[in-house]
Structures are given as structure tokens and as C-alpha cells.
Amino acid sequence: QQARRQTEAEREKTATEAAKSRQVASFLRKMLAGVEPEVALGRDTTMLREILEQTKQELDSSKLKKQPEVETELRTTIADTYCQLGDYAPAEAEYRNALRLTESMFGKDSTNVVDLVESLTQTMINRSELSAVEPIIRAGLARNEKLFGKVHPAVASLVHNLALVFWRRGDLAGADEMQRRALAQFRVFQDPHDISVGLNDLALVQLDRGDLKGAEASFRESLDIRQKLLPPGHPALAIAENNLALALWYQGDLAGAEAIYRQALELDRKLYRAGN
């Protein structure tokens with residue numbers, strides 16, 4: 001009877017600790033929501049980084065080893081935030097930890113690993129780990145097509161990531177083909193954010209291939225979507241304007257490029273002032 005009471009007490013304690021940990025994860029997500037490199041530009045993120053580091057240290061202790069789902073949630077939140085701050089090395093480490101835990105719970109071919117693999121591969125691309133990331137993308141792509149079919153958001157995301165690998169390697173023909181495949185799927189699912197990103201990244205490939213008119217058209221459509229989707233003054237608008245101006249400049253339209261560059265410059269100045 002006493003042993004049973006102790007077991008029940010231990011279970012209750014574990015459940016209480018799990019609930020507290022989930023509250024911490026929820027609090028972190030809410031607190032860190034919307035932190036992006038551009039948004040944080042010029043701001044002191046020292047305290048935020050200290051919170052992330054302290055949370056990592058607690059996770060590395062034995063407190064949550066019996067709560068892998070909660071640990072995974074926290075590590076993913078930490079990784080997402082490091083990515084938004086542009087700190088890709090610790091982000092990659094935490095995505096790998098979260099992926100390892102998820103695979104141990106659900107298996108490597110589970111739908112639970114899909115989002116983590118996409119985030120991990122994007123982070124590795126940002127770190128220019130092109131040789132290491134390609135086999136991960138291809139394995140993930142094969143799994144996603146098996147799970148969801150050949151047309152699915154999770155498939156499109158990894159096709160897009162593979163296109164980025166080709167582009168950074170200088171395989172412009174391969175990058176062009178993959179970007180068009182990804183963009184076609186993004187259009188099917190009608191997510192304006194994904195369509196805008198796909199258009200922008202296709203335009204960068206077109207620019208490098210010398211298809212300046214094509215790049216201009218893609219940049220313009222991407223900017224048009226962002227102008228409808230985002231509030232005035234959003235940093236992603238300045239990026240889109242800069243890219244369009246570059247396409248005009250390459251074509252010799254100096255007056256058109258200057259006008260757009262001035263808009264982007266004014267936006268950047270406001271962002272820097274807002275961050276100081």
C-alpha cells in the first residue's frame with residue numbers, strides 16, 4: 001500500500017513537472033514570437049540570449065529526460081528563436097537534438113519529423129553546409145512523397161530547399177528547374193508567403209542566368225504579394241524592393257532603379273532608427 005502511494009506520488013510529481021515545463025515552453029513561444037533578424041536589428045538581444053542559454057542548460061540537466069515530448073517542444077522553440085536571430089550554429093544543434101528525440105519516440109519515417117527536417121535543412125543551408133545537407137533533403141523528400149504524395153506543402157518545401165543548394169553551388173539550370181517545381185506547388189496551395197518566397201528565389205536564379213526580364217517580372221510579383229500581405233514598413237518589403245531595383249539596374253534602367261532604391265533606403269533608415 002505504501003509502495004503504491006509512493007508510485008502515485010511520483011506519477012503526480014512527474015505530471016506536475018511536465019505541466020510546468022509545458023507552461024515554460026508556451027511562455028517562451030509567446031515571448032519569442034515575432035523575433036526576426038530584421039525586427040531585432042539594432043536592438044540589444046543580450047537578455048534574450050541569456051534566457052535561451054539558461055533554458056538550454058536546464059534542458060541539458062536531468063530534469064526533463066523523462067519528458068521527451070516537452071523537451072522536444074522546448075528545444076524546437078529555442079532553435080526557432082536562434083534562427084530568427086540569425087544564430088544558425090546553436091539553432092542547428094537544437095534542431096538536431098529535437099529531431100533525435102522525435103525519431104526515438106515516433107521513428108524516422110513518422111510525420112512528426114517532417115517539420116523538424118525542413119527546419120534543420122534550411123538552417124544547414126544558411127550555414128552553407130551544402131554537401132552535408134543534400135542527402136538529408138533527398139531522404140526527407142523521398143519520405144515526404146511516400147507519406148503525402150508528390151504534391152504536398154512538405155514536399156514543396158524540400159524541393160525549394162534543394163533548389164537553394166543547387167543555386168549556392170552554381171548549378172543554375174538545376175536550381176531553375178527545382179525552383180519552378182516548388183513554386184508550382186506553392187501556387188497550388190495558395191499560401192501567399194510561400195509564393196512570394198518562391199518567386200523571389202526563382203528571380204535570384206533568373207538574375208544569375210542572365211534572364212533579366214524574367215527576374216524583374218518575378219521580383220515584381222513577389223513585391224506585389226508582400227505589399228498586400230505585410231504592413232507598411234515591414235523589413236521584408238525593403239528586401240523585395242532592393243531585389244527589384246537590382247534587376248532594373250542590371251538592365252540599365254538607372255532611373256527606375258534609383259527610385260526604388262530610395263524607397264528601400266528610407267525604409268531601412270526607419271528600421272535602424274526604430275532599433276536604436
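Quick notes on this structure:
- Neighbours by Cβ (under 7 Å, 6+ apart or cross-chain): first from region 182-210, under 18 Å from Glu118 (Cβ atoms); second exposed (fewer than 14 other Cβ atoms within 10 Å of the Cβ) and at pLDDT 95 or above: Gln185/Val151; Val188/Val151
- Residue within region 56-70 that is open to solvent by less than 20 Å² (accessible area, probe 1.4 Å) and closer than 23 Å to Leu162 by Cβ present: no
- Options Leu59, Leu64; residue that is in a helix (DSSP H, G or I), closer than 30 Å to Arg143 by Cα, modelled with pLDDT under 80 and not hydroxyl-bearing (Ser, Thr, Tyr): Leu59
- Just one of (1) in contact (Cβ under 8 Å) with a residue 24 or more places away in the chain; (2) surrounded by fewer than 20 Cβ atoms within 10 Å (Cβ to Cβ); (3) touching an Asp or Glu at 6+ places or on another chain (Cβ under 8 Å) fails for Arg75. It is (2).
- Residues (farther than 23 Å from Asp208 by Cα, touching a residue at least 24 places away in the same chain (Cβ under 8 Å) and part of a helix (DSSP H, G or I)) located in region 132-176: Ile137, Arg138, Gly140, Arg143, Asn144, Lys146, Leu147, Pro153, Ala154, Val155
- The test for being open to solvent by 50 Å² or more (accessible area, probe 1.4 Å), polar (S, T, N, Q) and closer than 26 Å to His193 by Cβ holds for Asn112.
For (1) polar (S, T, N, Q); (2) within 21 Å of Val155 (Cα to Cα); (3) open to solvent by 70 Å² or more (accessible area, probe 1.4 Å), each residue gets a yes or a no:
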| site | (1), (2), (3) |
| --- | --- |
| Arg168 | no, yes, yes |
| Ile195 | no, yes, no |
| Val205 | no, yes, no |
| Gly233 | no, no, no |
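- Tabulated pairs, region 101-126, first over 14 Å from Val165 (Cα atoms) and in a helix (DSSP H, G or I), second open to solvent by 50 Å² or more (accessible area, probe 1.4 Å) and polar (S, T, N, Q), C-beta under 8 angstrom, 6+ apart or interchain: Thr102/Asn112; Met105/Asn112; Phe106/Asn112
- A single entry from Arg226, Arg209, Arg220 fulfils the requirement of being under 24 Å from Val188 (Cα atoms), open to solvent by 60 Å² or more (accessible area, probe 1.4 Å) and in contact with a helix residue (DSSP H, G or I) (Cβ under 9 Å, 6 or more places away or on another chain): Arg220.
Residues checked against (1) without any contact (Cβ under 8 Å) to a residue 60 or more places away in the chain; (2) assigned to a loop (DSSP other than H, G, I, E, B); (3) not aliphatic (A, V, I, L, M):
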| site | (1), (2), (3) |
| --- | --- |
| Ala236 | no, no, no |
| Asn242 | yes, no, yes |
| Trp249 | yes, no, yes |
| Gly252 | yes, yes, yes |
| Gly256 | yes, no, yes |
| Ile260 | yes, no, no |
| Gln263 | yes, no, yes |
| Lys270 | yes, no, yes |
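- For region 146-161, residues that are farther than 20 Å from Thr102 by Cβ and open to solvent by less than 50 Å² (accessible area, probe 1.4 Å) total 4.
- Scanning region 189-244 for residues that are among the acidic types (Asp, Glu) and over 19 Å from the mean Cα position of the chain (by Cα) yields Asp208, Asp211, Glu216, Glu221, Asp224, Glu241.
The values are calculated or read from the model by the stated rules, or taken from the named source; none is laboratory data. Every value quoted in this text rests on a predicted model; they were computed, and no experiment measured them. Here Cβ is always computed from backbone atoms with ideal geometry, including for glycine, and neighbour counts include all displayed protein chains. Side chains included, ligands, DNA and RNA excluded: accessible areas come from the protein's heavy atoms. Shrake-Rupley method; radii C 1.70, N 1.55, O 1.52, S 1.80 Å.
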